[in-house]
């Protein structure tokens, strides 16, 4: 399995409610339409020890194979989601990092 992760390093500089609402209610539902997408996870940073998180949020997109990932990248659904980024990214100040991982689940003893 492969995971494509997008890490938003920084903060929302204005209108956090609008940014958060758009990401959760518009953008992620568009991403969820990618063909061959196995799972989608949204992680939002929370303060720790009174400090703001370095990464405001992260998305994790899971695919069974590289071929499935490539199918998603070349899809109309991805084009629509990529176009939507301009509807919320200007509210964010920082860098967006994209990283691909090979995923191996480790059993947790119970």
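Readers should treat all values here as calculations from the given coordinates under stated rules, not as data from a laboratory. Not measured: the values here are computed from a predicted model. Here Cβ is always computed from backbone atoms with ideal geometry, including for glycine, and neighbour counts include all displayed protein chains.
Observations, loosely collected:
- Residues satisfying the stated conditions in the stretch 57-74, i.e. touching a helix residue (DSSP H, G or I) at 6+ places or on another chain (Cβ under 9 Å) and either outside any helix (DSSP H, G or I) or without any contact (Cβ under 8 Å) to a residue 24 or more places away in the chain (or both): 57, 59, 61, 63
- Selection within the stretch 1-43 - assigned to a strand (DSSP E or B), touching a residue at least 60 places away in the same chain (Cβ under 8 Å), under 26 Å from residue 66 (Cα atoms) and touching a helix residue (DSSP H, G or I) at 6+ places or on another chain (Cβ under 8 Å): 2, 4
- Check on residue 46, part of a helix (DSSP H, G or I) and either in contact (Cβ under 8 Å) with a residue 40 or more places away in the chain or out of contact with any strand residue (DSSP E or B) (no Cβ under 8 Å at 6 or more places or on another chain) (or both): no
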